[in-house]
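The values are calculated or read from the model by the stated rules, or taken from the named source; none is laboratory data. If you're wondering where the values come from, they're calculated on a predicted model, not measured in any experiment. Quick reminder, even Gly has a Cβ in these numbers, built from the backbone with ideal geometry, and neighbours come from all protein chains shown. The accessibility values were calculated without ligands, DNA or RNA, using every heavy atom of the protein model including side chains. Shrake-Rupley method; radii C 1.70, N 1.55, O 1.52, S 1.80 Å.
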Amino acid sequence: MDKCPCGSGLEYAECCGPIIAGTKQAETALQTLRARYTAHVKIEIPYIIDTIHPDKKGEYDEKVIKEWATGAVWEKLEVSSTTKGGKEDSEGKIEFTAYYKEKNKKQVHSEIALFKKSEGKWYFYDAEVPSVKQVINESPKIGRNDPCSCGSGKKYKKCCGA
């Protein structure tokens, strides 16, 4: 059996496979996102193109999508958050990160994807770059001449700060 690349833990034939094949329709924005990621992994370019919102199709180049999908070694998909995008919704936002290698270099693609439902079908509509969260160290800074925090009794500069 073949696990689905989307990370759901399900078999491909029970998860994204039927959605990509067109025998089952994605019921949520998240299912559409997972199937689109899987379509990149499996080089199923027609599904990727078919799930771009009709108002936005002109903004995407099939050749570029295919080059990216075939040139990458897809490693995993992580979904950070979802806002709406359920069966009864007409829009949804999903923040996710896709990990892949391109020319043997690790790459990370993070975005907040906007999905819209039209005539009962979910489509990728647009994306934005997530804001970078600045890390602030709130613990007091150890000075060079302060005692080392490891408890050795030495000055920081002569111990862990060396």
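Tabulated data for the structure shown
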read-out: Over region 104-162, relative contact order from alpha-carbon pairs under 8 Å, at least 6 apart, %; value: 19
read-out: Sparse-neighbour loop sites [trypsin sites (Lys or Arg not before Pro); region 45-80; at most 15 other C-beta within 10 Å; DSSP]; value: Lys56
read-out: Correct option for percent of Cα pairs over 19 Å apart [calculated from the coordinates] among [x] 63; [y] 59; [z] 52; value: [x]
read-out: Where labels lie 7 Å past Cα in the beta-carbon direction, separation of Asn145 and Val64 in nm; value: 5.8
read-out: Given 15 as the ceiling on other Cβ atoms within 10 Å, longest exposed-site-free region of the chain for GluC sites (Glu not before Pro) in DSSP loops; value: 28-87
read-out: Glu14 versus Ile49: modelled label distance in nm, points set 7 Å from Cα along the beta carbon direction; value: 3.3
read-out: Pairwise FRET efficiency - Val132 versus Lys24, Cβ, R0 = 30 Å, nearest 0.05; value: 0.20
read-out: Estimated [θ] at 222 nm from DSSP helical runs (n ≥ 4, -39500 (n - 2.57)) normalised by residues in the chain, nearest 500; value: -6000 deg cm²/dmol
read-out: Unit charges at the beta carbon, dipole of region 99-161: most positive-side option, Gly161, Ser139, Tyr100; value: Gly161
read-out: Accessible area, probe 1.4 Å, largest first, for residues Arg36, Arg144; value: Arg144, Arg36
read-out: Unsatisfied cross-links (Cα-Cα over 19 Å) in the set Lys105/Lys133; Lys42/Lys101; Lys93/Lys116; Lys56/Lys117; Lys3/Lys42; Lys63/Lys93; value: Lys105/Lys133; Lys63/Lys93
read-out: Leading residue at positive end of dipole, the chain (Cβ point charges), from His109, Cys6, His53; value: His109
read-out: The chain, dipole about Cα centre (Lys/Arg Cβ +1, Asp/Glu Cβ -1), debye to the nearest 20; value: 1220
read-out: Taking region 17-148 and dividing mean pair separation by its residue count, relative contact order in percent (alpha carbons under 8 Å, at least six apart); value: 22
read-out: For region 41-53, Karplus couplings with θ = phi - 60° (6.51, -1.76, 1.60), whole Hz, Gly/Pro x; value: 4, 8, 6, 9, 4, x, 5, 4, 5, 5, 9, 8, 3
read-out: Size descriptor, Kirkwood hydrodynamic radius, that averages inverse alpha-carbon separations across region 68-140, Å; value: 14.4
